[in-house]
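What follows is one structure encoded as structure tokens, with my remarks underneath.
Just so it is clear, none of the values below were taken in a lab; they were calculated from the coordinates. Remember, predicted model here, so these are calculated numbers, not experimental data. Methodologically, a virtual Cβ is constructed for each residue, glycine included, from the backbone with ideal geometry; neighbour enumeration extends over all protein chains shown.
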Amino acid sequence: MTDGLATTILIALVGAAYVAATRLRPWPALPWMMVGAAVVILARIAWEPTIVGALHLGKTPVFNALLAGYGIPALLLVLSAFELRRWPDPRVRNLLQALASLFVLLTVAIIVRHAMNGGVLDSAVPTLGEQSIYTLLAIGGSAIMMTLDRKSPSPVFRYGSMVIGILSMLSILGAHLIGLNPYFSGELLGSIPFFDLLLIGYLLPGFGYAGLAWYARGKRPMPYVTALAVTDAVLVFAWATLSVRRFWQGQNVADWKGFLEGETYTYSVVWLLLGVLLLVLGSRFNAKSIRIASAVLVFVAVLKVFLIDMANLQGFLRALSFIGLGAVLIGIGLFYQKILSGKAGAGPQQETPVDIEAEPGQTA
């Protein structure tokens, strides 16, 4: 009797009505009706992602049929999961939490996709700006799930936060660094330096992963936290490197433009400075992973000076490159000597392990 948007919303309302009926009759089958409604809605979305058809969707950002078709079922699933948070069957409780999380992320992603592509939903490859919004949403979603897990412990929130984080890190490798990298794609960065595509594509996600790694310490396994910190370092390195290329080449940093002599020297300077900064941060926060990243970056810069700068730079720039490298390496040596002498003066100390929250039913 209904079609399109009305059918999608009514299916969600019927499922929510069954959940509301649990206040009158605690029948085990009632919550599963909401799960069934969510599955039917997912099938409808897979069949027609626009809900109402491409010709009737419209191009108005946010306030269109997608907001109601995706958002109302998402809201009803969130309310259902909250209503059944103390339901005795953990299977349906966890499943509703997972479906609510999925629908919320799906709603935000589809609205962003619609707004970034002029009101058209198709199979076109997203731009770096659009992909960056998805990455930032995933970082925020992972942090929200960790917060929910602390307030109301659940395996859905516990493992879901890590799954979202891992998938976002894989998207960094596949999209930000390779597929949508302006160096390979030739996408223009924008006319305003710093406030450009590199800011939203690399620096902001880098800060996001740094904050997520800090928030996850003591709450998630250490390898996962280390992976977040490494992703942060890689994104900041990519931002610094592409920013150097933008300084010399303008807003088009495509690979076909080659490299200028001054540009080649600037890479060495920036990488060494970034390595020193990571060393200071790693020592300040006593983070071994950051110190290792600093050592790797300095080693790469040293190799570049000897293998590339020596062959391509001429005269003054070649001498300046070696002098600068020597000064930085001496400074790093003195810095480590100060750290080691400080530890020797303080005497042997046992490293304090990071407290990890105990799961329900376990002893910390």
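Values as computed for the structure displayed
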| item | result |
| --- | --- |
| Per-residue Cβ neighbour rank within 10 angstrom, fewest leading, Glu187, Glu263 | Glu263, Glu187 |
| Pairs of Lys in the chain closer than 21 Å at Cα, counting only those 8 or more apart or on different chains | 5 |
| Check: the stretch 102-187 dipole with +1 on Lys, Arg Cβ and -1 on Asp, Glu Cβ, in debye | 380 |
| The chain, relative contact order in percent, only Cα pairs under 8 angstrom and at least six apart counted | 11 |
| Chain lengthening between Val40 and Leu188 when straightened (0.36 nm per residue, less Cα-Cα) | 49.1 nm |
| Charge tally in the Cβ shell below 13 Å around Gly282, where Lys, Arg are +1 and Asp, Glu are -1, Gly282 excluded | +2 |
| Over the stretch 1-122, relative contact order from alpha-carbon pairs under 8 Å, at least 6 apart, % | 30 |
| Sparse-neighbour loop sites [trypsin sites (Lys or Arg not before Pro); the stretch 1-96; at most 14 other C-beta within 10 Å; DSSP] | Arg23, Lys59, Arg85, Arg86 |
| D_trans [Stokes-Einstein, Kirkwood Rh over alpha-carbon pairs] for the chain, 25 °C, 0.890 mPa s, µm² s⁻¹ | 102 |
| The stretch 1-122, dipole about Cα centre (Lys/Arg Cβ +1, Asp/Glu Cβ -1), debye to the nearest 20 | 400 |
| Cβ-based exposure ranking for Thr2, Thr50, in which fewest neighbours within 10 Å come first | Thr2, Thr50 |
| Student exercise, the chain dipole from Lys, Arg, Asp, Glu Cβ charges, in Debye to nearest 20 | 860 |
| Additional length obtainable on full extension of the chain from Ile178 to Arg217, 0.36 nm per residue less Cα span | 11.1 nm |
| Calculated [θ] (222 nm, deg cm²/dmol) that DSSP helices of n ≥ 4 give over the chain, each run adding -39,500 (n - 2.57) | -22500 deg cm²/dmol |
| Top positive-direction residue, dipole computed over the chain with Cβ charges, set Gly201, Leu297, Ile144 | Ile144 |
| Between the stretch 83-118 and the stretch 251-271, the Cα center-to-center distance that results, in Å | 44 |
| Share of pairwise Cα separations in the stretch 1-122, more than 17 Å, in percent | 54 |
| Relative frequency of Cα-Cα separations exceeding 18 Å in the stretch 125-234, percent | 48 |
